[in-house]
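The values are calculated or read from the model by the stated rules, or taken from the named source; none is laboratory data. Owing to the predicted nature of the structure, the values given are computational and were not obtained by experimental measurement. Cβ atoms come from the backbone with ideal geometry, glycine included; neighbour counts cover every protein chain shown. Surface areas here come from the heavy atoms of the whole protein model, side chains and all, with no ligands, DNA or RNA. Shrake-Rupley method; radii C 1.70, N 1.55, O 1.52, S 1.80 Å.
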Amino acid sequence: MGTYDHLQGVLSSEFSLLEYGDFECPYCRRAAPVIRELKERLGERMVFGFRHFPLAGMHPFALPAALASEAAAVKGRFWPMYDRLISGDEPRLRQEDLRRYADEIGVPPDHVVWPATQFVEDRVEADFNSGVRSGVRGTPTLFVNGKRYHGTVSVGDLLTAIEKSAGHAEK
């Protein structure tokens, strides 16, 4: 994880959690509240990073959503867009949804849809390629303190993994 990533927290934090995610993936959507609770519990002790891994063959709106979030990032609004894209039980990621989210967070709506998003395609592709090189095959794929996590995406299991991987396992 580095300064190139979308981060909540600081890189020098005691713990790190990196997600390769897809905004249309139902498993990523279920993981989002778990990650949010982890961030609340660990506070400044944890940095959370997000990288795009849109599974476009399975999720036709994943790539446009990733591009919309990157276009919002150019305006300093990645996390507000992330929150809108990942929330809810069912994804709402059509062009009109992306435009509405942009308007809600103060980004010009036409800025987050194609062809205006062409200039951020390389960023999403770089995240995806990084995932491929790291062995990512599906979403969400999590890395706890730099090591791939293979357990259940639950607050308890992730907390245990975070603490153990950092040598802070509670007895």
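For a modelled paramagnetic label at GLU125, 7 Å from Cα along Cα-to-Cβ, the residues of region 68-92 in reach, with backbone nitrogen under 18 Å, are 68-71. Our summary gives the chain a relative contact order of 30 percent, counting only alpha carbon pairs under 8 angstrom and 6 or more residues apart. At a probe radius of 1.4 angstrom, the accessible area of region 1-141 per residue rounds to 48 square angstrom.
Taking 12 Å as the straight-line reach from the Cα of LYS147, the aspartates and glutamates in range (excluding those fewer than 8 positions away in the same chain) are GLU19. Report summary: the helix-based calculation at 222 nm, which adds -39500 (n - 2.57) for every DSSP H run with n ≥ 4 and divides by the residues of the chain, gives -13500 deg cm²/dmol.
Once the mean of 1/r is taken over each pair of separate Cα atoms and inverted, the chain shows a Kirkwood hydrodynamic radius of 16.2 Å. Label separation (SER154 vs GLU44): 3.2 nm, computed from points 7 Å beyond Cα along the C-beta direction.
How long are the three semi-axes of the equivalent ellipsoid of region 9-96, in whole Å, if each is the root of 5 times an eigenvalue of the C-alpha gyration tensor, listed from largest down?
Working: eigenvalues 108, 41, 26 Å².
Listed largest to smallest, the semi-axes of region 9-96 are 23, 14, 11 Å.
Counting Lys and Arg as +1 and Asp and Glu as -1, what is the net charge of the other residues whose Cβ lies under 13 Å from the Cβ of VAL136?
Values: positive: ARG51, ARG133, ARG137, ARG148; negative: GLU19, ASP22, ASP127.
Net local charge, VAL136 excluded: +1.
Under the shape rule built on the C-alpha gyration tensor, where the axes satisfy a ≥ b ≥ c, region 80-157 is oblate, since a/c reaches at least 1.5 while a/b does not exceed b/c. What do you get for the angle between helix 62-74 and the principal long axis of the chain? Use alpha-carbon atoms, 0 to 90 degrees, nearest ten. Orientation of helix 62-74: about 90 degrees from the principal axis. Counting only protein heavy atoms and using a 1.4 Å probe, the accessible area of ARG100 comes to about 100 Å².
Ignoring any ligand, DNA or RNA, what whole percent of the accessible area of region 1-97 comes from carbon and sulfur when the probe is 1.4 angstrom? Before the final figure, lay out each step's value.
Working: 2230 of 4490 Å².
Summing carbon and sulfur atoms, their accessible area is 50 percent of the total for region 1-97.
Compared with the dominant Cα axis of the chain, that is its longest principal axis, helix 155-165 is turned about 60°.
In region 1-48, Cα pairs under 8 Å separated by at least six residues give a relative contact order of 57 percent. The ARG100 and LYS164 beta-carbon pair, evaluated with R₀ = 45 Å, returns a calculated FRET efficiency of approximately 0.60.
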